[in-house]
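To start, the structure itself, in structure tokens.
The values are calculated or read from the model by the stated rules, or taken from the named source; none is laboratory data. Keep in mind that what you see is a predicted model, and the values were worked out from it rather than measured. Neighbour counts run over all protein chains shown; Cβ positions are idealised from the backbone, glycine included. Heads up: the accessible areas ignore ligands, DNA and RNA and are worked out on the full protein's heavy atoms, side chains in. Shrake-Rupley method; radii C 1.70, N 1.55, O 1.52, S 1.80 Å.
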2 protein chains.
Amino acid sequence: MTDTPLLHRSPISRRHCNLAKSFDLIGDRWTLLILRSALYGVRRFDDFQAELDVPRSVLSKRLANLVEGGIMERRPYSEQGQRARVEYHLTRMGETLGLPFMAMTAWADRWLGGGTSPLTLRSRSTGRKLSVALVDERGKRADREDIELVVDARFSEKK
Amino acid sequence: MTDTPLLHRSPISRRHCNLAKSFDLIGDRWTLLILRSALYGVRRFDDFQAELDVPRSVLSKRLANLVEGGIMERRPYSEQGQRARVEYHLTRMGETLGLPFMAMTAWADRWLGGGTSPLTLRSRSTGRKLSVALVDERGKRADREDIELVVDARFSEKK
DNA sequence: CTATCTGAGTTGCAATAGCGAACCTAGATG
DNA sequence: CATCTAGGTTCGCTATTGCAACTCAGATAG
């Protein structure tokens, strides 16, 4: 296992790094916890609040940020004989966070859960176990040593 | 595309959720940015500081947390004719965050970068483009509708 | 037609965390 | 013996968080 070579600067400048930008949007403990719940199907203010025990004022602000960022949307609903209320649904943009969250879950199960996985993923059609991996177009897994980073020079440090 | 069914509580209680635990460790904007740089090969205090423009006091605290959490380790080094100094290396635990970060990068390129990817991944041996995906043991990609969540009942809400 | 319940917030205040600048320290160099 | 460098710490100020209480709007009950 060779160490990655020492660098003094990242190959992609922070201004151009979409990953870095994404952290402005979701790089916050409560936001991440809200998204975790939302990906499971939680949608309502009081459900988020009760499940996470997040201060209502903070929850309110975080949900507003997520809506502004396009990750969630406010959608009115009404239950029989109740006045109209509001749910927070993931947009398509929000739903696609599923994959990074699954990758993160696998990491966390391995390193923080001692290898126990409270939740596993399975193919409904084939019954096979699913996992997140780095693969080529054919589905062949790449191993760590075989990965090459290709940097688009337009996005490097000083342009 | 059917909506995920409404839930009032997540299927995994927060106490048992390793994903939720991981957010205590890395669910913070600066921590995430530090890890991004570290995965590229940045290791030194002043390099992190200059690249990220993070307050030195905050950087100091975050690095200490990462070391305490087992994600990074302090390692002494000396350059010729310089006194011994310290670098922050990712441990194996830290390195394996690469996959979640690659998944997150792909998400961010798609939704925040308008589809432009400053950085792409390629297989050194085959030259093929690599991407993060949810696959079965054979490398067959699963599509969204075909994913089943299997919950270990021991970790549900009330035990 | 007033009183109560419920879900979805807002408000106010104290405690905490973050920010930026200045300072410290230990050896190597001029 | 003054300066430089890398890796920090300290300090005062501001911004954000956490918590409890309050509001608001409609539906239902008495």
Output row for B:Asp24: copy-to-copy label distances, label 7 Å along Cα→C-beta, ascending, in nanometres, one decimal, is 3.1
Go through segment B:73-120 and name the trypsin sites (Lys or Arg not before Pro) that are in a DSSP coil and have 15 or fewer other Cβ atoms within 10 Å of their Cβ.
-> B:Arg83
Dividing the convex hull volume of the alpha carbon atoms of segment B:1-138 by its residue count, what do you get in Å³ per residue?
-> 207 Å³
Taking chain A as a Gaussian network, where each spring joins two C-alpha atoms under 10 Å apart, which residue of A:Ser13, A:Ser123, A:Ser131 fluctuates the most?
-> A:Ser123
Taking a label point 7 Å from Cα toward Cβ, how far is B:Ser156 from its twins in the other copies, in nm, shortest first?
-> 5.6
Copies compared at A:His8 - label distances in nm, ascending, label defined 7 Å from Cα in the Cβ direction = 6.0
Positive-end residue of A:Ile34, A:Leu112, A:Ala142, charge dipole of segment A:14-155 with Cβ unit charges | A:Ile34
So what are the three principal axis dimensions of the protein assembly as shown from its Cα atoms, in whole Å, longest to shortest?
-> 78, 45, 40
Estimated inter-spin distance, B:Thr91 and A:Asp46, nm [label 7 Å along Cα→Cβ] | 4.3 nm
In the neighbourhood of A:Glu95 defined by beta carbon distances under 10 Å, the net charge of the other residues (Lys, Arg +1; Asp, Glu -1) is +1
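Can you compute the FRET efficiency between B:Asp3 and B:Tyr77 using 1/(1 + (r/R0)^6), with r the Cβ-Cβ distance and R0 = 45 Å? Round to the nearest 0.05. Before the final figure, lay out the partial values.
Details: r = 53 Å, r/R0 = 1.18.
Using R0 = 45 Å, I get an efficiency of 0.25.
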What FRET efficiency would be calculated for the residue pair A:Ile147, B:Glu145, taking the C-beta separation as r and a Förster radius of 22 Å, to the nearest 0.05?
-> 0.15
Accessible area in the full protein assembly, largest first, 1.4 Å probe, for A:Ser10, B:Ser125 | B:Ser125, A:Ser10
Cα centroid distance between segment B:92-159 and segment B:33-66, in Å?
-> 25 Å
Where is the GNM fluctuation largest for chain B (alpha-carbon springs, 10 angstrom cutoff): B:Gly113, B:Gly81, B:Gly94?
-> B:Gly81
GNM on chain A, Cα springs under 10 Å; top mean-square fluctuation among A:Arg62, A:Arg128, A:Arg36 goes to A:Arg128
Considering only chain B, pick the residue with its Cβ nearest the axis of the rotation onto chain A, and state the distance in whole Å.
-> B:Gly139, 1
